[in-house]
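**Q** Please read through the structure below; I'll follow up with questions.
The values are calculated or read from the model by the stated rules, or taken from the named source; none is laboratory data. Since the model is a prediction, treat every value here as computed from it, not as a measurement. Positions of Cβ are backbone-derived with ideal geometry, glycine not excepted, and every protein chain shown enters the neighbour counts. We work out accessible area using only protein heavy atoms, side chains counted, and drop any ligands, DNA or RNA first. Shrake-Rupley method; radii C 1.70, N 1.55, O 1.52, S 1.80 Å.
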Amino acid sequence: MTNAVIECILSRSAAKYYDPAATLSDDQIRELVRIGTSAPTSFHLQNWRFIAVRTPEAKARLSPIAWNQPAITDAAVTFIVCGQLADSSVIPDRLAPLVEAGVMPAEMVPEWEIPARGLYEEHPQRQRDEAVRSGTFGAAAMIYAARSLGLGSTPMIGFDAEAVHREFGLADDELPVMLLAVGAERPGNWAQKPRRPVADVLNLV
Ligand SMILES: Cc1cc2nc3c(=O)[nH]c(=O)nc-3n(C[C@H](O)[C@H](O)[C@H](O)COP(=O)(O)O)c2cc1C
């Protein structure tokens, strides 16, 4: 079983070493985020925001609160992938373009909003889980898009979430889900790591 997409997925690995001279244009960064936002989200909440840290000044603000990981300094860009606490009250706004485009009938909007309210309202843990899920899906799409463009990527949890929240002005309902470095690699990155056997991680029921 193989094709170009599967090959892209199978050939990815997390980069450690980036070419510090290689940059990405703001249009290339925008395109990566546009692709990221094609990822699915619960009730089409699209509860995410991406902060592209790409200037030396911004990298210098992020690096000390992210374990001084070399990827932040060297990669063209490090995204602060922010998830937003799931809030059902935004659903009519988020679905309006679907109704406008004729994808969804207007009368269906409450059929999404009402169960979402039941799911998330008064359930802070679920609101937060959804922020992390959405941010992770968005980041994953960007990781594979980057790979398909010949770029390396590094998802990173090695950072001080409170400091990143403060330093980059995240809103009260936002959390930094992960950092995602993207850029041209330089030689020296590890070979791919073997995985646990499928038999150990799959239950066929
Ligand atoms: C949520 C998450 C957090 C990670 N955090 C870091 C990190 O802070 N620094 C780093 O160098 N790698 C980080 N990694 C990369 C992992 O170490 C790497 O994905 C894992 O060892 C598997 O290797 P591969 O991605 O090359 O297949 C992280 C990966 C994930 C998914």
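**Q** On average, how much accessible surface per residue is there in the chain, in Å², for a 1.4 Å probe, leaving out ligands, DNA and RNA? Can you show the working numbers first?
**A** Values: 11900 Å² over 205 residues.
That works out to 58 Å² per residue.
**Q** Pulled fully out, how much extra length does the chain show between GLU121 and LYS193, if you take 0.36 nm times their separation in residues and subtract their Cα-Cα distance? Mind showing how you got there, number by number?
**A** Working: separation 72, 0.36 × 72 = 25.92 nm, distance 4.11 nm.
Here the answer is 21.8 nm.
**Q** Continuing with the same structure: Tell me, how many Å apart are the Cα centres for the range 142-205 and for the range 72-101?
**A** Measuring centre to centre over Cα atoms gives 17 Å.
**Q** Taking the Cα centre of the chain as origin, sum charge times position over the Cβ atoms of Lys and Arg (+1) and Asp and Glu (-1), and report the length of that vector in debye to the nearest 20. Write down the numbers at each step before the final one.
**A** Numbers: 19 positive and 25 negative charges, 193 e Å.
Dipole of the chain, to the nearest 20 debye: 920 debye.
**Q** At 1.4 Å probe size, with the rest of the protein present, what percent of the exposed accessible area of the range 15-184 is carbon and sulfur atoms? Could you put the intermediate results ahead of the total?
**A** Numbers: 4590 of 8490 Å².
Of all accessible area on the range 15-184, carbon and sulfur atoms account for 54 percent.
**Q** Moving on. With all protein chains present and a 1.4 Å probe, how do LEU149, LEU204 order by accessible area, largest first?
**A** On the way: LEU149 115, LEU204 150 Å².
Sorted descending by solvent-accessible area, the residues read LEU204, LEU149.
**Q** Let me ask something else about it. Apply the Karplus curve 6.51 cos²θ - 1.76 cosθ + 1.60, θ = phi - 60°, to the phi angles in the range 23-36 and return the couplings in whole Hz, x for Gly and Pro.
**A** My calculation for the range 23-36 gives 10, 10, 6, 4, 5, 5, 5, 4, 5, 4, 5, 4, 5, x Hz in order.
**Q** Suppose each label sits 7 Å from its Cα in the direction of the beta carbon; what would the ILE114-GLN46 distance come out to in nanometres?
**A** 2.5 nm
**Q** A follow-up question, please. Once the cut-off is 27 Å, how many percent of the Cα-Cα pairs in the chain end up in the long-distance tail?
**A** Values: 8165 of 20910 pairs.
That tail contains 39 percent of the Cα-Cα pairs.
**Q** Between ALA101 and VAL205, 0.36 nm times their residue separation minus their Cα-Cα distance comes to what? List each step's numbers first, then the result.
**A** Working: separation 104, 0.36 × 104 = 37.44 nm, distance 4.01 nm.
Result: 33.4 nm gained on full extension.
**Q** For the range 15-184, with the dipole built from +1 on Lys and Arg beta-carbon atoms and -1 on Asp and Glu ones, taken about the Cα centre, which of VAL77, VAL132, THR41 lies farthest toward the positive end?
**A** The one lying farthest along the dipole's positive direction is VAL77.
**Q** To the nearest 0.05, what FRET efficiency results for VAL5 and SER38 with a Förster distance of 22 Å applied to their C-beta separation?
**A** Details: r = 14 Å, r/R0 = 0.63.
Efficiency, rounded to the nearest 0.05: 0.95.
**Q** Continuing with the same structure: I need the phi-derived Karplus couplings for the range 113-124: 6.51 cos²θ - 1.76 cosθ + 1.60, θ = phi - 60°, integer Hz, Gly and Pro marked x.
**A** Rounded to whole hertz, the list is 5, 5, x, 5, 4, x, 6, 9, 4, 6, 10, x.
**Q** Still on this structure: Relative to the present Cα-Cα distance, how much length would full extension add between GLU57 and LEU149 at 0.36 nm per residue of separation?
**A** Between GLU57 and LEU149, full extension yields 30.5 nm more.
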